[in-house]
Amino acid sequence: MKKWQNYVLWCMWGPVLVAQIILVFVFGIFNQAGFDEVMYIGWVIWAISVIFGFLPIFTFKRKGGVAKGKSYVHTKTLVVTGVYSILRHPQYTAGILFSLALVLMAQSWLVLFLGIIVIPLLYIDTVMADKHELEKFGDTYKRYMERVPRTNFLLGVIRLLIRREGKNPL
C-alpha cells in the first residue's frame, strides 16, 4: 500500500471528529435531551478514551524500539504488553469511544449524525492498520491477532485474565 493511502480514511474521519469536538466543547452543545445520567456516562467513556489515547505513547516509547528523537509511532518492535495485551488498537479505540462519549454528552441529533460517520470510519481504519501490521510483522502479528481483540477492550481484559490463569483464550 502506498503511503498516501494510509491517510485517506484519517482525512475523512479526522475533520468530522473535530466538528463533533467543536460542537460540544466550543459551542457548548451539552445534554440537549436533558438525560443527566446519559451525559455522565459520556464523561466516564471520555475518561476511558483518554487513557487508551495516551497509554500507547508511553508504551511505544519504552518497549517499541523507537529511535531516540523519533515519534512513538516509529516502532520497530511488535509491542504485546501493557495496553497492547488488551487491545491491538488502543488509540483507534480511544477515538471511537471519544466520538461515542461526545454523542452521549451532547444528546444532539447533529453530534449523533457525525458520530455515525466517525465511528465506522475509525473501525475501518483499524482493519487497514491490521493489514499494514501483518505486512510489517508477519506471522507474529497473525498470532497476536488471534489472542488480542482489535477494539473490544472488555473481551481483551477477559482474554488477558484467562491467559494469566494458563487457559486457552480462544
Residue ID - surrounded by the fewest Cβ atoms within 10 Å (Cβ to Cβ), chosen from residues in segment 54-80 that are of a type in the set (A, V, I, L, M, F, W, C) and closer than 21 Å to residue 138 by Cβ: 73
When residues of segment 118-136 are limited to those that are in contact (Cβ under 8 Å) with a residue 60 or more places away in the chain and under 10 Å from residue 99 (Cβ atoms), the one surrounded by the fewest Cβ atoms within 10 Å (Cβ to Cβ): 121
Filtered residue count, segment 23-63, keeping only those that are among the polar types (S, T, N, Q) and either under 17 Å from residue 82 (Cβ atoms) or assigned to a helix (DSSP H, G or I) (or both): 2
Contacts under 9 angstrom Cβ, first residue in segment 145-156 being closer than 14 Å to residue 78 by Cβ, partner part of a helix (DSSP H, G or I) and hydroxyl-bearing (Ser, Thr, Tyr), 6 or more apart: 147/85; 148/84; 148/85
Count of segment 110-125 residues which are farther than 18 Å from residue 25 by Cβ and of a type outside the set (Ser, Thr, Tyr): 8
Enumerated helices (runs of 4 or more DSSP H) restricted to segment 73-170, each holding at least 2 residues that are out of contact with any Pro (no Cβ under 8 Å at 6 or more places or on another chain) and more than 30 Å from residue 35 (Cα to Cα): 109-137, 139-147, 153-164
Residue in segment 140-149 that is closer than 23 Å to residue 42 by Cα, aliphatic (A, V, I, L, M) and either in contact with a strand residue (DSSP E or B) (Cβ under 6 Å, 6 or more places away or on another chain) or surrounded by 15 or more Cβ atoms within 10 Å (Cβ to Cβ) (or both) present: no
Residue match in segment 81-98 (condition: more than 23 Å from residue 48 (Cβ to Cβ), of a type in the set (A, V, I, L, M) and either surrounded by fewer than 17 Cβ atoms within 10 Å (Cβ to Cβ) or at pLDDT 95 or above (or both)): no
Sole exception among (1) in contact (Cβ under 8 Å) with a residue 60 or more places away in the chain; (2) closer than 24 Å to residue 163 by Cα; (3) not polar (S, T, N, Q) for residue 38, by number: (2)
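The values are calculated or read from the model by the stated rules, or taken from the named source; none is laboratory data. This one's a predicted model, so the numbers in the text were calculated from it and none came from an experiment. Cβ coordinates were reconstructed from backbone atoms using ideal geometry, including for glycine residues, and neighbour counts include every protein chain displayed.
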